[in-house]
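Here is the structure we will look at, set down as structure tokens.
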Amino acid sequence: MGKPMIVANEVRKSFGKHEVLKGVSFEIEEGKVGVVMGPSGCGKSTLLRILIGADRPDSGEVFLDGEEITRMDEEQLNKVRLKFGMLFQGSALLNSMTVAENVSLPIRQHTPLPPETIDIMVKLKLEMVGLRNAESLLPAEISGGMKKRVSLARAIALDPKIVFYDEPSAGLDPVMVAVIDALVMDLRDKIKVTSLVVTHEMTSAFRIADHMVMLHEGTVLSSGPPEEIRKSDNGILQQFIKGEADGPIPLKVAGSDYEKAILQEE
Ligand SMILES: Nc1ncnc2c1ncn2[C@@H]1O[C@H](COP(=O)(O)OP(=O)(O)O)[C@@H](O)[C@H]1O
Ligand SMILES: [Mg+2]
């Protein structure tokens, strides 16, 4: 067992009367890729916001690199935030800045390094995501997949130990999804980054995961290595993995958020 890098312990969160997370627990070891999967509306983004300290749970604990963060004040949180990067669902680039300027932002904000050093760091990060030649372009001049990669370069600008991703493959074509997946695995293999990826894309999840957490209706349906998840005889899990249109989920949770989410998507 490696050192636990991301730990959720009995995390609960309600919005009004709506209990979104009902005691979520799991651990991701250092240098591994953890994937949180689950249908739309099951609480993935809510969980992610709690894991990065952007929102607080009603109860439960979150440990990042051994530090409990849910009861930290902003000042303490800002120190912890230097240890991780975050790739948001949109690419969240500043349109008036070049690719290089976007990537340099966190370095300029958080370090007193001189421009020449920052320039070298930015070039290295862009090299890592395969965009060395795009540094002087503006976000409007590059594709969606390239924007995602620039955001990733920015997320790793300060050499974080952990990178969080919210639906990194949303809106990308399958080739670009594979490129982003390869980058996630590269960060693990080359610089031992621990990742937590939230997704509802099965193909991508099974390609990158060392550890999978299946969320369903705000609880962990299953948590373990992908081989185990694939073999599970849990009906809901199998239905979700295989993407079957018909199966135990709608029957079992009729009137649930999941059903509402499906109806909304249709
Ligand atoms: N700030 C909020 N206020 C009220 N309800 C929220 C808020 N954030 C999320 N929810 C609700 O929590 C549920 C889970 O949302 P979310 O975590 O975004 O799901 P997912 O990312 O899995 O699609 C949804 O029913 C959503 O409407
Ligand atoms: Mg979401």
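The values are calculated or read from the model by the stated rules, or taken from the named source; none is laboratory data. Because the structure is predicted, anything quoted here is derived from the model rather than measured. Neighbour counts are summed over all protein chains in view; Cβ atoms, including those assigned to glycine, are modelled from backbone coordinates with ideal geometry. These accessible areas exclude ligands, DNA and RNA; they are computed on the full protein's heavy atoms, side chains included. Shrake-Rupley method; radii C 1.70, N 1.55, O 1.52, S 1.80 Å.
Overview of results
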read-out	value
Among residues of region 59-77, those that are farther than 15 Å from Pro4 by Cβ and within 19 Å of the chain's Cα centre (by Cα), counted	2
Qualifying residue in region 66-86 (condition: free of Cβ contacts under 8 Å to residues at least 60 places away in the same chain, part of a strand (DSSP E or B) and more than 22 Å from Arg149 (Cβ to Cβ))	yes
Residue in region 103-116 that is within 18 Å of Val24 (Cα to Cα), free of Cβ contacts under 8 Å to residues at least 24 places away in the same chain and not hydroxyl-bearing (Ser, Thr, Tyr) present	no
Pick from region 1-17, criterion surrounded by fewer than 21 Cβ atoms within 10 Å (Cβ to Cβ) and of a type in the set (A, V, I, L, M), ranking: modelled with the highest pLDDT	Val7
Among (1) surrounded by 15 or more Cβ atoms within 10 Å (Cβ to Cβ); (2) at pLDDT below 90, the one test that Met202 misses	(1)
In region 21-76, the residues that are among the polar types (S, T, N, Q) and either within 16 Å of ligand 2 (Cβ to nearest atom) or touching a Phe, Trp or Tyr at 6+ places or on another chain (Cβ under 6 Å) (or both)	Ser40, Ser45, Thr46
Qualifying positions in region 18-45 - at pLDDT below 95 and either touching a Pro at 6+ places or on another chain (Cβ under 8 Å) or in a helix (DSSP H, G or I) (or both)	Lys44, Ser45
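Rundown of residues vs (1) open to solvent by 10 Å² or more (accessible area, probe 1.4 Å); (2) in a strand (DSSP E or B); (3) away from ligand 2 (no atom under 16 Å from the Cβ); (4) modelled with pLDDT of 95 or more, yes/no style:
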position	(1), (2), (3), (4)
Leu137	yes, no, yes, yes
Arg154	yes, no, yes, yes
Ser169	no, no, no, no
Met176	yes, no, yes, no
Val184	no, no, yes, yes
Lys190	yes, no, yes, no
Leu196	no, yes, no, yes
Val213	no, yes, no, yes
Leu221	yes, yes, yes, no
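A quick yes/no check of all residues on (1) loosely packed, with under 14 Cβ neighbours inside 10 Å; (2) at pLDDT below 95:
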position: Met86; (1), (2): no, yes
position: Ser91; (1), (2): no, yes
position: Thr98; (1), (2): no, no
position: Thr111; (1), (2): no, yes
position: Pro114; (1), (2): yes, no
position: Met121; (1), (2): no, no
position: Glu141; (1), (2): yes, no
position: Gly145; (1), (2): no, yes
position: Phe164; (1), (2): no, no
